[in-house]
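*Asks:* Dumping the structure here so I can ask a few things about it.
The values are calculated or read from the model by the stated rules, or taken from the named source; none is laboratory data. Note that the coordinates shown come from a computational prediction; the quantities given were computed from them, not determined experimentally. Glycine gets a Cβ as well: all are built from the backbone with ideal geometry, and neighbour counts include every protein chain shown. Protein only, heavy atoms only, side chains kept; ligands, DNA and RNA dropped before computing areas. Shrake-Rupley method; radii C 1.70, N 1.55, O 1.52, S 1.80 Å.
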There are 2 protein chains.
Amino acid sequence: MNSSSSSPKVPIPTLERLATYLRFLIDLEASHVETISSTDVEKQTGINAAQFRKDLSYFGEFGKPGVGYNVQELQARIARILKIDQLQPIMVIGAGNLGSALIGYPGLTEHKFHIAAAFDRDPAKIGCLQGNLMILDEADVCTVNADIGARIAIICVPASAAQGVADTAILAGVKVILNFAPIILRVPERIVVRNVSFLQELAVLSYHLSSDTKK
Amino acid sequence: MNSSSSSPKVPIPTLERLATYLRFLIDLEASHVETISSTDVEKQTGINAAQFRKDLSYFGEFGKPGVGYNVQELQARIARILKIDQLQPIMVIGAGNLGSALIGYPGLTEHKFHIAAAFDRDPAKIGCLQGNLMILDEADVCTVNADIGARIAIICVPASAAQGVADTAILAGVKVILNFAPIILRVPERIVVRNVSFLQELAVLSYHLSSDTKK
DNA sequence: GGCACGCTGTGATGAAATTCACAATCGCCT
DNA sequence: AGGCGATTGTGAATTTCATCACAGCGTGCC
């Protein structure tokens, strides 16, 4: 629903949960837990145990009957499935509030994502340092990416500019897009887009306030 | 899957799309479009026409057969359904990169959301102005919210602190939570939580890079 | 060694969401 | 005035996702 095209077999909700499992496993590993069972996962995350097992089953066998899963090994295998076992270069387009926040977000590197370049269209921003990253001219996306080879773009520009920069990014060789602008991007079949929208999330939450009959 | 509790009848995906429709309709209105049909919606947003009609059908009848929907009226009605037809006070907890970005995000006011208070735990930040909002002490969430009456909280603190501030916010009378921390919050049944996770989104996108057999 | 328990992996079942398809309605055109 | 093309609203069919339930395996205990 969120993506233009999807892989043949694996459900998208499964992929979303994989990322959750990964995060969870990393924490477990930090706590020196060596083994975990699917029922433990359910207890600690609220995700159904059978769901967990089935999600994993799309990618092979991971656990030992009667024992459970080796935390470290499972963590490593999920990371490999999600292709975040090696540094992944990313371009950020739009260095406003949100773009800057992303550039400064430490969690990215922690998960092997690396912001290789940041662009903006505002001359006042171009050339400025953001953290240790220089803001580049949006017009140079293509030439710069010839060097960098980023296949992931994060779009943080206002809605009105989003479609344009998406087109540019795709031209520059980007394969997947994380879109923070509150519009639906029109892209070729082969490009995968995921949208993140605070406004949408807030709207859903706002709706749920109604069910409180309490004054 | 994302929310703890849900309304009796309306599917959550429908609510998510309603926010999309709303945004789309606002844009149409700005372009002085008066009427639109469900097939037009499909052409312009990619969302199936029947889906659009069914989504609306959960809330009554909106269109005229043979004609379509009045943009302005539909926009107003969806806004009322989502309860974003009147200013909604929100509290933001955590004034780091992300929290600051949210505070400065103009789209929020545009959609009748109003950040009434922002909190942090870092003494260096407390008392500082962020835009025209003073950062308050996280310890004062309860007392401050007695005045403000925010029922929505946005959590922008690191994962390790998220559960704690969620508990506090709930104690302070918050009913729904937008959680940006990459953990699964444990909350009472009645509280609705929605999670936003860049990392998760990026992971899903990263996975899709595999399907590019191109070297 | 054999038995009993615990846990995995998965086919079968059930629930939920999406899409289809069509009767009912509206406005326009003649 | 009456018929026709367009479009809605919605039961039914389809597809997708989540859960159940159990056979089979591995482990440790007696």
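*Asks:* Distances from A:Pro65 to the same residue in each other copy, label points 7 Å out along Cα→Cβ, in nm, shortest first?
*Replies:* Once sorted, the set of distances for A:Pro65 reads 6.0 nm.
*Asks:* Counting only protein heavy atoms and a 1.4 Å probe, tell me what percentage of the stretch A:12-81's accessible area is made up of carbon and sulfur.
*Replies:* 48
*Asks:* In a Gaussian network model over chain B where Cα atoms closer than 10 Å are linked, find which of B:Gly66, B:Gly173, B:Gly131 has the largest mean-square fluctuation.
*Replies:* Ranking B:Gly66, B:Gly173, B:Gly131 by mean-square fluctuation puts B:Gly66 first.
*Asks:* Under a plain spin-label model, where a point goes 7 Å from the Cα along Cα-to-Cβ, how far apart in nm are A:Asp140 and B:Lys64?
*Replies:* It is 5.6 nm.
*Asks:* Would you mind telling me the share, in percent, of accessible area of the stretch A:100-177 contributed by carbon and sulfur at probe 1.4 angstrom? Write out the running numbers ahead of the final one.
*Replies:* On the way: 1990 of 3510 Å².
Solvent-exposed carbon and sulfur of the stretch A:100-177 make up 57 percent of the total.
*Asks:* Taking the Cα centre of the stretch A:100-215 as origin, work out the dipole magnitude from +1 charges on Lys and Arg Cβ and -1 charges on Asp and Glu Cβ, in debye rounded to 20.
*Replies:* Numbers: 10 positive and 11 negative charges, 87 e Å.
Computed charge dipole of the stretch A:100-215: roughly 420 debye.
*Asks:* Ignoring ligands, DNA and RNA, how much accessible area is buried between chains B and A, both sides summed, with a 1.4 Å probe, to the nearest 100 Å²?
*Replies:* On the way: alone 13030 and 13030 Å², together 20130 Å².
Summing both sides, the interface buries roughly 5900 Å².
*Asks:* How far, in whole Å, is the closest Cβ of chain A from the axis that maps A onto B, and which residue does it belong to?
*Replies:* Residue nearest the A-to-B axis, with distance in whole Å: A:Ala101, 2.
*Asks:* Toward the positive end of the charge dipole of the protein assembly as shown, about the Cα centre and with charges on Cβ (Lys, Arg +1; Asp, Glu -1), which of A:Ile191, B:Leu129, B:Ser37 goes farthest?
*Replies:* Among A:Ile191, B:Leu129, B:Ser37, the one farthest towards the positive end of the dipole of the protein assembly as shown is B:Ser37.
*Asks:* Step through the residues of the stretch A:185-200 one at a time and calculate ³J(HN,Hα) from phi using the Karplus curve (6.51 cos²θ - 1.76 cosθ + 1.60, θ = phi - 60°), rounding each to whole Hz and writing x for Gly and Pro.
*Replies:* 7, 9, 9, x, 2, 6, 8, 9, 10, 10, 9, 10, 9, 3, 4, 4
*Asks:* Which residues' amide hydrogens lie under 5 Å from the amide hydrogen of A:Ala95, considering only partners 5 or more residues apart or on another chain, with H built in the peptide plane?
*Replies:* Close amide H contacts, sequence-distant or interchain: A:Arg121.
*Asks:* Let me ask you something else. Between A:Asp40 and A:Gln86, what's the calculated FRET efficiency when r is the beta-carbon distance and R0 is 45 Å? Round to 0.05.
*Replies:* On the way: r = 29 Å, r/R0 = 0.65.
The value I calculate is 0.95.
*Asks:* Here's another thing I want to ask about it. For the stretch A:45-60, just list the computed ³J(HN,Hα) in residue order, Karplus coefficients 6.51, -1.76 and 1.60, θ = phi - 60°, integers in Hz, with x standing in for Gly and Pro.
*Replies:* Karplus-based 3J(HN,Hα) across the stretch A:45-60 equals 10, x, 8, 3, 4, 5, 4, 4, 5, 5, 3, 5, 4, 5, 10, x Hz.
*Asks:* Separation of the stretch B:117-139 and the stretch A:87-142 by C-alpha centroid, Å?
*Replies:* Answer, in whole Å: 26.
*Asks:* Next up: Just check the stretch A:88-201 against the gyration tensor rule for me: Cα atoms, a ≥ b ≥ c as the square roots of the eigenvalues, rounded for a/c under 1.5, and otherwise prolate or oblate depending on whether a/b exceeds b/c. Walk me through the intermediate numbers first.
*Replies:* Values: a/c = 1.25, a/b = 1.17, b/c = 1.07.
Rounded.
*Asks:* Also, I was wondering about something else. Just to confirm a number: summing +1 for Lys and Arg and -1 for Asp and Glu over residues other than A:Gln72 whose beta-carbon lies under 12 angstrom from that of A:Gln72, what do you get?
*Replies:* Working: positive: A:Arg77; negative: A:Glu29, A:Glu34, A:Glu73.
Overall, the nearby charge balance is -2.
*Asks:* Convert 10 °C to kelvin, take the viscosity as 1.306 mPa s, use the Kirkwood radius over C-alpha pairs of chain A as Rh, and evaluate the Stokes-Einstein diffusion coefficient in µm²/s, rounded to a whole number. Provide the component values of the computation, followed by the final result.
*Replies:* Numbers: Rh = 19.4 Å.
The diffusion coefficient I find is 82 µm²/s.
*Asks:* Separate question: With only alpha-carbon atoms counted, please give the Rg and Dmax of the protein assembly as shown, in Å.
*Replies:* Looking at the protein assembly as shown, its Cα Rg and Dmax stand at 21.8, 65 Å.
*Asks:* Taking the Cα centre as origin and putting +1 on Lys and Arg beta-carbons and -1 on Asp and Glu beta-carbons, what dipole magnitude results for the protein assembly as shown, to the nearest 20 debye?
*Replies:* 1060
*Asks:* Using a Gaussian network model of chain A whose springs link C-alpha atoms within less than 10 Å, name the residue from A:Val67, A:Val92, A:Val174 with the highest mean-square fluctuation.
*Replies:* A:Val67
*Asks:* A further question follows. In sequence order, what are the phi-derived ³J(HN,Hα) couplings for the stretch B:71-83 according to the Karplus relation 6.51 cos²θ - 1.76 cosθ + 1.60 with θ = phi - 60°, rounded to whole Hz, with x for glycine and proline?
*Replies:* The phi angles translate into 4, 5, 5, 4, 4, 5, 5, 5, 4, 5, 4, 7, 6 Hz.
*Asks:* Okay, next question. How are the C-alpha pair distances of the stretch B:12-81 spread across 10 Å bins, as whole percents from the shortest bin up?
*Replies:* 21, 64, 15, 0
*Asks:* Right, next: Once you have the Cα-Cα distance between A:Leu209 and A:Asp167, take 0.36 nm times their residue separation minus that, and quote the gain in nm to one decimal.
*Replies:* On the way: separation 42, 0.36 × 42 = 15.12 nm, distance 3.82 nm.
Here the answer is 11.3 nm.
*Asks:* Here is a follow-up. Determine the dipole magnitude for chain B: charges of +1 sit on the beta-carbon of Lys and Arg, -1 on that of Asp and Glu, nothing else is charged, the reference point is the Cα centre, and the result goes in debye to the nearest 20. Walk me through the intermediate numbers first.
*Replies:* On the way: 20 positive and 21 negative charges, 114 e Å.
Magnitude of the dipole: close to 540 debye.
*Asks:* What 222 nm value per residue comes from the helices of the protein assembly as shown, counting each DSSP H run with n ≥ 4 as -39,500 (n - 2.57) and dividing by all residues, nearest 500 deg cm²/dmol? List each step's numbers first, then the result.
*Replies:* Numbers: 18 runs with 184 residues, N = 430.
It comes out at -12500 deg cm²/dmol, rounded to the nearest 500.
*Asks:* Oh, and also: Return the long-range amide H neighbours of B:Ala117 (sequence gap of 5 or more, or a different chain), with a cut-off of under 5 Å between placed amide H atoms.
*Replies:* B:Ile90, B:Val92
*Asks:* Among the listed pairs B:Lys9/B:Lys43; A:Lys175/B:Lys175; A:Lys9/B:Lys175; A:Lys54/B:Lys175, give every one whose C-alpha distance is greater than 31 Å.
*Replies:* A:Lys175/B:Lys175; A:Lys9/B:Lys175; A:Lys54/B:Lys175
*Asks:* Could you do me a favour and compute the accessible area per residue for the stretch B:1-143, 1.4 Å probe, result in Å²?
*Replies:* Numbers: 7310 Å² over 143 residues.
Each residue of the stretch B:1-143 exposes 51 Å² on average to a 1.4 Å probe.
*Asks:* Continuing with the same structure: Between the stretch B:14-63 and the stretch B:157-214, what is the C-alpha centre distance in whole Å?
*Replies:* The stretch B:14-63 and the stretch B:157-214 have Cα centres separated by 28 Å.
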